[in-house]
Amino acid sequence: MNRIKFFNGEQIPLEMHKAKIIQKLNLVPVQRRLEAVREAGYNTFLLKNTDIFLDMLTDSGVNAMSDRQQAAMMVADDSYAGSQTFTKLETKCEEIFGTKYFLPAHQGRACENILAQVLVKPGSIVPMNYHFTTTKAHIVLNGGTVVELPIEEALQTRSDCPFKGNMDLEKLSDVIEKYGVEKISFVRMEAGTNLIGGQPFSLANLQGVQKLCHEHGLVLVLDASLLADNLYFIQERETACKNMSVSQITRSISDLVDVLYFSGRKLGCARGGGICTNNEELYMKIRELIPLYEGFLTYGGMSVREMEAMAVGLEETMDEEMINQGPQFIAYMVGELDKRGIPVVTPPGGLGCHINAAEFVDHIPQHQYPAGALAAALYIASGVRGMERGTMSEQRDENGNEPLADLELLRLAVPRRVFTLSQVKYVIDRVCWLYENRRLIGGLEFIDEPQNLRFFFGRLGTFSDWPEALAEKFQADLGTL
Ligand code: F0G
């Protein structure tokens, strides 16, 4: 796990940074946690931060910035048009990705909105290694359909496949033949594939995808939001890339794609996003939409301070000791939970530790949202906020039918450079307590269900008083905290 060897043989992640600014945390008693989760309609998105001890909802926009990023924010150039800050960020993207054009947007999904409007024709399809919630929503909104082409191992929660984010090249070939090039808007690869547990693709696989796209004149788009983790795994796990630097791997990836976009909330540890390309024709089309939806072409809805921080953050992403922080903590967490028999997604990915709720609470039927119930239960047992990544995160089809998700996962995100090892150990301890008491956890049902992206602000109810029973058992075993 660590390149630094410990004399006593310990296998723990070691932080290559120190804390300079801290935020005080608050652990409210279990009875308050019970009330808070009820008030939140058992949806962890609706909890208030004052009721949360460790926020593992996401790694988006909550990574710790470096002192260099903070310093850069002070010199931001606040002009509406032609800001020096924009030029700095554009130049940094060119340096790192080799792309001539940079189009700023306020976050990742804004890039997806614009790319879908430009590229997706009604009735067309978008093949991809796996979907992400907002990506799919924008493609569908523009009349397209997502076609997922993951390899078989992608959906096996327990596996030793190092690159579960790979696309099945044979299936891609078949899809091109079946639908024809005309019907395909673009092909999308997602780095650090989010919804299957932050799993990477290999450089060799991306080369294979590019070859097919090139042969058929198809546009290849990379969602680079979780590229940092993917870079780390390529360096660690892909033999042919062992001696390549992070920058060399990055360049090998970006040279293969026609367009890359990213959420700067993840990649670059700032808040914003952007689209990079060398394709002038596409650039001209996208350029029309940025001022319409985002802001002028030299800020795209972002604060110039965040843009300064992003330029430095992207540069710092080329540092091995920066990109290994998340994955090493996650590997520790996954390893410790696995040792104790808790069902987790293996091998460890980026983004966070993913618990297989389908197995953890196998007594809860899938239409009663096992991963959502587990997220609510873990909050009661620990004050830790995780995120449901299962059927609740799916969208009903046009006939109102609810598709069941391929996987029911509880994601415990590990934002970069934020938590300490003792905090991670606390989470492991509480997950273990919950596992012992898992039969107390019951299902959930929607009582208020929004039509789009319902997981964000939908409210749920229980079929019994299981949350009360769980809180009571917790208090009897461990006291009020
Ligand atoms: N693509 C991927 C792979 C993502 O993980 C996200 C966001 C987006 C696009 C959208 O970017 O949030 O800046 O609009 N993922 C967050 C998460 C929300 O918690 O996983 P955004």
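The values are calculated or read from the model by the stated rules, or taken from the named source; none is laboratory data. Remember, predicted model here, so these are calculated numbers, not experimental data. Ideal geometry is used to build each Cβ from the backbone, glycine not excepted, and the neighbour counts take in all protein chains shown. Accessible surface areas use protein heavy atoms only, side chains included; no ligands, DNA or RNA. Shrake-Rupley method; radii C 1.70, N 1.55, O 1.52, S 1.80 Å.
Kirkwood hydrodynamic radius computed over the chain comes to 22.9 Å, based on all pairs of distinct alpha carbons. Could you state the angle between the C-alpha long axis of helix 84-97 and the longest principal axis of the C-alpha atoms of the chain, as a value from 0 to 90 degrees rounded to the nearest 10? On a 0 to 90 degree scale, this one is about 90. Note on the chain: helix-only mean residue ellipticity at 222 nm, from DSSP H runs of 4+ residues weighted -39500 (n - 2.57) and normalised by residue number, equals -12000 deg cm²/dmol. With angles folded into 0 to 90 degrees, how steeply does helix 421-436 sit against the dominant principal axis of the chain? Use alpha carbons for both and round to 10. Roughly 60 degrees, rounded to the nearest 10.
Quick check: net charge around Ala358, other residues with Cβ under 12 Å of its Cβ, Lys/Arg +1 and Asp/Glu -1? Present the calculation step by step, with values, prior to reporting the outcome.
On the way: positive: Arg158, Arg389; negative: Glu359, Asp362, Asp406, Glu408.
Local net charge: -2.
Looking at region 67-318 alone, DSSP beta bridges between its own residues are antiparallel in about 50 percent of cases.
In this Cβ point-charge picture (+1 for Lys and Arg, -1 for Asp and Glu), the chain has a dipole of about 920 debye about its Cα centre.
Computed over protein heavy atoms with a 1.4 Å probe, the accessible surface of the chain works out to 41 Å² per residue. With a sphere of radius 13 Å drawn around the Cβ of Val312, what net charge do the other residues whose Cβ falls strictly inside it have (Lys, Arg +1; Asp, Glu -1)? Here the count lands on -3. Here is the tail figure for region 67-318: Cα pairs spaced more than 25 Å apart come to 40 percent of all pairs. Which of the pairs Lys100/Lys164; Lys164/Lys211; Lys211/Lys266; Lys183/Lys285; Lys121/Lys285 have their Cα atoms more than 24 Å apart in this structure? Over 24 Å Cα-Cα: Lys100/Lys164; Lys211/Lys266. Only one residue of Pro467, Leu314, Val414 has its Cα farthest out toward the positive end of the dipole of region 311-468, where Lys and Arg carry +1 and Asp and Glu -1 on Cβ, and that residue is Pro467. Against the longest alpha carbon principal axis of the chain, how many degrees, from 0 to 90 and to the nearest 10, is the axis of helix 30-39 turned? Taking Cα atoms only, the helix is inclined about 50 degrees.
Does region 25-138 come out rounded, prolate or oblate by the C-alpha gyration tensor, with a ≥ b ≥ c the root eigenvalues, rounded set by a/c under 1.5 and, if not, prolate when a/b is larger than b/c and oblate if not? If you can, show how the numbers build up before the last one.
Working: a/c = 2.90, a/b = 1.36, b/c = 2.13.
The shape class here is oblate.
Rolled with a 1.4 Å probe across the full set of protein chains, the surface gives Phe419 an accessible area near 30 Å². The mean sequence separation of alpha-carbon pairs under 8 Å and at least six residues apart, normalised by the residue count of the chain, gives a relative contact order of 22 percent.
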